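The values are calculated or read from the model by the stated rules, or taken from the named source; none is laboratory data. Fair warning: this is a prediction, and the values are worked out from it, not measured in the lab. Cβ: placed from backbone, ideal geometry, glycine included. Neighbour counts: every protein chain shown. What goes into the accessible areas is simple: the full protein's heavy atoms, side chains included, and nothing from ligands, DNA or RNA. Shrake-Rupley method; radii C 1.70, N 1.55, O 1.52, S 1.80 Å.
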Amino acid sequence: MKPDIKILFNRGKLLIYTFGALAFVCAGVFFIYIGLMAKNQFFLRLFLLFLGVVSTSFFGLLLLILLPKAIKNKAGLVITDKGLYDYSSAISAGFITWTEIKKISRSYSGANFFSLLW
């Protein structure tokens, strides 16, 4: 029996994405504040409030997904003899047996490559 292969998250990238999401949440809160303080400009207020709520909601959710992955030292992908455990995204598949995988291919995009499981 071979030891498990663990592929960790790139914590540097995760921290950059987390701080970026935090910056956009702060910008969204600022837009909400400015929208509430604007006087006699209905459409500007409405636009800023909408932009602030959408920005805060979307990037706040992204922040809630990224922050635990950036803090914990958990593997994004674990390959075992029985299959693999996928923890790489917010909608990760969990455990995938080798019988469920029909094809593995590799795709290149610039200097990065992606492995596709079918």
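Structural remarks
- Rounded to the nearest 10 square angstrom, Thr18 shows an accessible area of 10 square angstrom against a 1.4 Å probe.
- Cut-off 20 Å, label 7 Å out along Cα→Cβ of Ser92, residues of the range 57-75 by amide N: 61-75
- The apolar share of the surface of the chain, taken as the fraction of accessible area on carbon and sulfur atoms (1.4 Å probe, ligands and nucleic acids excluded), comes to 70 percent.
- Probe 1.4 Å, protein heavy atoms only - accessible area per residue of the chain in square angstrom: 77
- Helix 42-71 axis versus longest C-alpha principal axis of the chain: approximately 30°, rounded to the nearest ten.
- Angle in degrees between helix 11-37 and the longest Cα principal axis of the chain, rounded to the nearest 10: 20
- Shape of the chain, Cα gyration tensor, a/c cut at 1.5: prolate
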